């Protein structure tokens, strides 16, 4: 009799059924996929944040380049006044013959201290920025092409004010991204 009782207990403790095993595997798979999806989303957002930070630095560099020329013109004007002369505050920024003449899109290569018009006059015709792998500097002559395109446009407001528009475009996967900043620049007489 004892032997039959043990055999009956073995039938009831036979383990998981195939359905229970499949349900357990499905739950485990979904939880792992959820974690992978969260990690992938975080990585995509971090890459976008990195690209956005680079774009803001490229915009800041272009604005600072134009400001530097204006400031140098202001210093030269102070020196010229003592001798009875004057220096136009827009000299080298948006004067006749300059690449960034009002209304034109141009690109600035600050390591080479040069400005070049985008030809024909559209943002789309400006070249992609290159980055020098040894120095890390961005420019248009040395290095490998990046995914960033930057251009500057100057608009006159009055004799003592212009608006600097700097736009940076790039692609992130299949999506195109763009940041445009406008800033007023005044004569510092």
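The values are calculated or read from the model by the stated rules, or taken from the named source; none is laboratory data. Just so we're clear, the structure is a prediction, and the values are computed from it rather than from any experiment. Note: ideal-geometry Cβ built from the backbone for every residue, glycine included; neighbour counts use all protein chains shown.
Is it the case, given these coordinates, that residue 163 is assigned to a strand (DSSP E or B), surrounded by fewer than 18 Cβ atoms within 10 Å (Cβ to Cβ) and modelled with pLDDT of 95 or more? Taking the combined requirement at face value, the residue satisfies it. The set of residues from segment 38-67 being under 23 Å from residue 148 (Cα atoms) and out of contact with any strand residue (DSSP E or B) (no Cβ under 9 Å at 6 or more places or on another chain) comprises 41, 42, 43, 45, 46, 49, 50, 53, 64.
The number of residues in segment 31-56 that are surrounded by 12 or more Cβ atoms within 10 Å (Cβ to Cβ) and over 14 Å from residue 172 (Cβ atoms) comes to 1.
Looking only at segment 172-189, filter to residues that are at pLDDT below 90 and in a strand (DSSP E or B); which one of those is nearest to residue 78 (Cα to Cα)? If you could, list the steps in order and put the result at the bottom.
Of segment 172-189, the ones at pLDDT below 90 are 172-175, 188-189.
The next check asks that each one be in a strand (DSSP E or B); those that pass are 172, 175.
Values: 172: 47, 175: 49 Å.
Here the answer is 172.
Residues that are touching a strand residue (DSSP E or B) at 6+ places or on another chain (Cβ under 7 Å), in a loop (DSSP other than H, G, I, E, B) and surrounded by 13 or more Cβ atoms within 10 Å (Cβ to Cβ) within segment 99-126 comprise 99, 100, 102, 104, 118, 121, 126, listed in sequence order.
When segment 70-98 is examined, which residues are found to be out of contact with any helix residue (DSSP H, G or I) (no Cβ under 8 Å at 6 or more places or on another chain), part of a loop (DSSP other than H, G, I, E, B) and closer than 22 Å to residue 184 by Cβ? Explain how you work it out, then say what you get.
Here is the first cut: in segment 70-98, the ones out of contact with any helix residue (DSSP H, G or I) (no Cβ under 8 Å at 6 or more places or on another chain) are 70-85, 94-98.
Of the ones still in play, those that are also part of a loop (DSSP other than H, G, I, E, B) are 82-85, 94-98.
Within segment 70-98, 94, 95, 98 qualify.
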